[in-house]
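Have a look at the structure below before the remarks.
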Amino acid sequence: MKKENLEVLIGADRIHERIEELAAQISNDYHGRHVRLVGILKGSWVFLADLIRQLDLEVSVSFLGVASYGRGTKPSGEVKITLDLDDSIEGLDVLIVEDILDTGETFRYLQGVLSGHQPRSLRSVVLLDKPARRIQPVHADYVGFTIPDAFVVGYGLDFAQKYRNLPDVCVLHPDQRKV
Ligand code: IMP
């Protein structure tokens, strides 16, 4: 993999430190309760795998697959489910686990879909928040890092399905965004 057009924005060590802080906060807020984490595929699974191991709670996990970007970097505004929940979340304390909050279109859609399943509570944790590009008035309950308006890859995030395996969150320079 060519790395010369990638610039580290958040290094792996800093990501892990921040996840410990988020996990402590979440464990405290949900103390004594069972939490159902709903990981949004594909971008969140690396984050979810690290977060879950730091949670001092009884948890279970489901995944929901959504696609919003296709193969490029421009949002289409269209969100579709690519993999549905495998089990009911009715009456559960649900925590959505997302990689990044950008325009907010995906998030707004997810909140609508998941609240329709009547969970007991519905909150969200995102690793990255890019508020500069927000179109929908949404926010996450727990945010790892607020980042500037740049296209990032690594630590689960992709460009055209590549770069998910990078340990750091890196900025992908615009001239590399060709599929
Ligand atoms: P939104 O609907 O615009 O908020 O976009 C949310 C989804 O777009 C995320 O779950 C990501 O899959 C993708 N996305 C947004 N920004 C980036 C980025 O900088 N890098 C990689 N994927 C991104």
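Results, tabulated for the structure shown:
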quantity	calculated
Bridge type composition, the chain - antiparallel percent by DSSP, nearest 5	30 percent
Whichever aspartates and glutamates have a C-alpha closer than 20 Å to that of Lys80, once near sequence neighbours (fewer than 8 apart) are set aside	Glu98, Asp99, Asp102, Glu105, Asp158
Pairwise FRET efficiency - Asp149 versus Asn5, Cβ, R0 = 22 Å, nearest 0.05	0.75
Contact order normalised by residue count of the chain, Cα under 8 Å, 6+ apart, percent	25 percent
Net lengthening on full extension, Ser27/Ala49 (0.36 nm per residue, minus Cα-Cα)	6.4 nm
Net length gained if the chain between Leu85 and Ser60 were fully extended (0.36 nm per residue, minus Cα distance)	7.7 nm
Residues whose placed amide H lies under 5 Å from that of Ser124, excluding near-sequence neighbours	Ile96, Asp141, Tyr142
Exposure proxy order (Cβ contacts within 10 Å, fewest to most) of Phe151, Phe107	Phe151, Phe107
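Bear in mind that the values in this text are calculations on the coordinates, not laboratory data. In this text, all values refer to a predicted model and were calculated from it rather than measured experimentally. Neighbour counts are summed over all protein chains in view; Cβ atoms, including those assigned to glycine, are modelled from backbone coordinates with ideal geometry.
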